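K.L.:
One structure follows; several queries about it will come next.
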Amino acid sequence: MPARPPEPTIASLRDPSGDGAGDSLERYWTFYWAVSDAQLTRWLPRGPSRVLDLSGGDGRCAGRAAGAGHSVLEVRDPLLERAAPGGAARPSGDGTAATIPVLGDSGTLDFLDDASVDAVVAENRVLSRHLATEETVGEIARVLRPGGRVLLCVDSLTLGMALLAERNYWAHLSDVPSAEVVLVPWPDGTITRCFGAEQLRELLGGAGLEVEWIRPRTVLSPSTVEHVLGRSPRALPRLVREELNAPMGDESLGIHLLASAVLP
């Protein structure tokens, strides 16, 4: 029996580019983003809706939502990313207006009226990068219409604790079990906020949102995915289907947590 491939270091599991380019785990990130796209597609409202995308990045989520027939406001926050030109509609593949980029503070959403959107997508760990996450989630609840939903992705406590241990921050690590807020420094000098499932439930419930479900982004480990796709690149669709159909399982697993909540 061949030896099991070693697990990657936690620091190598950060993929800020969103495409895995140049990453030692390129096959895993290809799988990760294929799963992310499929999860978003499955979650989006069935009928045409007004969707607010706070995810930043390269517009991946906004483009997918627009491609599904929704009207999308894509917030570009200069505090979290390089500011891109905004204010003009981005065309879809068929040349029609698909998304409207808005340059603004994704933490306050003061440019939006109350109850003005049907759904909010806060992917790409954006709420972990907003350290005062309670304020941001409160604003998300404010702009949602009754019955509106939010899909969000955050750094998990599993990731945070592993990174602290990997960098020998033992004093910080010992404080994690009793800490109400867990802030984790990354080697590049940035700081993100990490959540356990219960902390995430409290965060959403405190803003008046009802949690529909919480699950790891992926259950399959990076080493498993790398091994399978290394032997058979055509196995990607099958791995994605297995991930989507896997039981919710242990919410503490995985480097990122994905959650869906609704405003009653």
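The values are calculated or read from the model by the stated rules, or taken from the named source; none is laboratory data. The model shown is predicted, which means the values in this text are computed figures rather than measured ones. Note that we place each Cβ from the backbone using ideal geometry, even for glycine, and neighbour counts take in every protein chain shown. Side chains included, ligands, DNA and RNA excluded: accessible areas come from the protein's heavy atoms. Shrake-Rupley method; radii C 1.70, N 1.55, O 1.52, S 1.80 Å.
K.L.:
Given the range 133-218, what strands (runs of 3 or more DSSP E) lie entirely inside it while holding 1 or more residues that are modelled with pLDDT of 85 or more, touching a helix residue (DSSP H, G or I) at 6+ places or on another chain (Cβ under 8 Å) and within 23 Å of ALA65 (Cβ to Cβ)?
P.N.:
144-156, 210-216
K.L.:
Tally up the residues in the range 42-60 that are at pLDDT below 95 and touching a helix residue (DSSP H, G or I) at 6+ places or on another chain (Cβ under 7 Å), please.
P.N.:
Number satisfying all stated conditions: 2.
K.L.:
Based on what the data block shows, is HIS256 within 19 Å of GLY160 (Cα to Cα), of a type outside the set (A, V, I, L, M, F, W, C) and surrounded by 14 or more Cβ atoms within 10 Å (Cβ to Cβ)?
P.N.:
The answer is yes for HIS256.
K.L.:
Filter the range 57-69 down to the residues that are part of a loop (DSSP other than H, G, I, E, B), open to solvent by 10 Å² or more (accessible area, probe 1.4 Å) and of a type outside the set (Asp, Glu) and list them by number.
P.N.:
Those that are part of a loop (DSSP other than H, G, I, E, B), open to solvent by 10 Å² or more (accessible area, probe 1.4 Å) and of a type outside the set (Asp, Glu): GLY57, ALA68, GLY69.
K.L.:
Suppose the filter is closer than 19 Å to PRO45 by Cα and free of Cβ contacts under 8 Å to residues at least 60 places away in the same chain; does ILE140 pass it?
P.N.:
Values: closer than 19 Å to PRO45 by Cα: yes; free of Cβ contacts under 8 Å to residues at least 60 places away in the same chain: no.
Considered against the rule, which asks whether it is closer than 19 Å to PRO45 by Cα and free of Cβ contacts under 8 Å to residues at least 60 places away in the same chain, ILE140 comes out as no.
K.L.:
Also, I was wondering about something else. One residue is enough: does the range 121-143 have a residue meeting the conditions open to solvent by 60 Å² or more (accessible area, probe 1.4 Å) and more than 19 Å from the chain's Cα centre (by Cα)?
P.N.:
Within the range 121-143 (the criterion being open to solvent by 60 Å² or more (accessible area, probe 1.4 Å) and more than 19 Å from the chain's Cα centre (by Cα)), the answer is yes, since at least one residue qualifies.
K.L.:
Return yes or no: is THR224 polar (S, T, N, Q) and outside any helix (DSSP H, G or I)?
P.N.:
Against the criterion (polar (S, T, N, Q) and outside any helix (DSSP H, G or I)), THR224 does not qualify.
K.L.:
Take the range 177-226 and flag every residue that is more than 30 Å from VAL143 (Cβ to Cβ) and small (Gly, Ala, Ser).
P.N.:
SER178, GLY189, SER221, SER223
K.L.:
Would you call ARG50 open to solvent by 20 Å² or more (accessible area, probe 1.4 Å), of a type in the set (D, E, K, R) and under 16 Å from the mean Cα position of the chain (by Cα)? Even if it seems obvious, please write down each step before you answer.
P.N.:
Working: open to solvent by 20 Å² or more (accessible area, probe 1.4 Å): yes; of a type in the set (D, E, K, R): yes; under 16 Å from the mean Cα position of the chain (by Cα): no.
Judged against the criteria, ARG50 is not a match.
K.L.:
May I pose another question? Of the numbered conditions (1) loosely packed, with under 14 Cβ neighbours inside 10 Å; (2) modelled with pLDDT of 95 or more, PHE111 satisfies every one except a single condition; which is it?
P.N.:
Every listed condition holds for PHE111 apart from (2).
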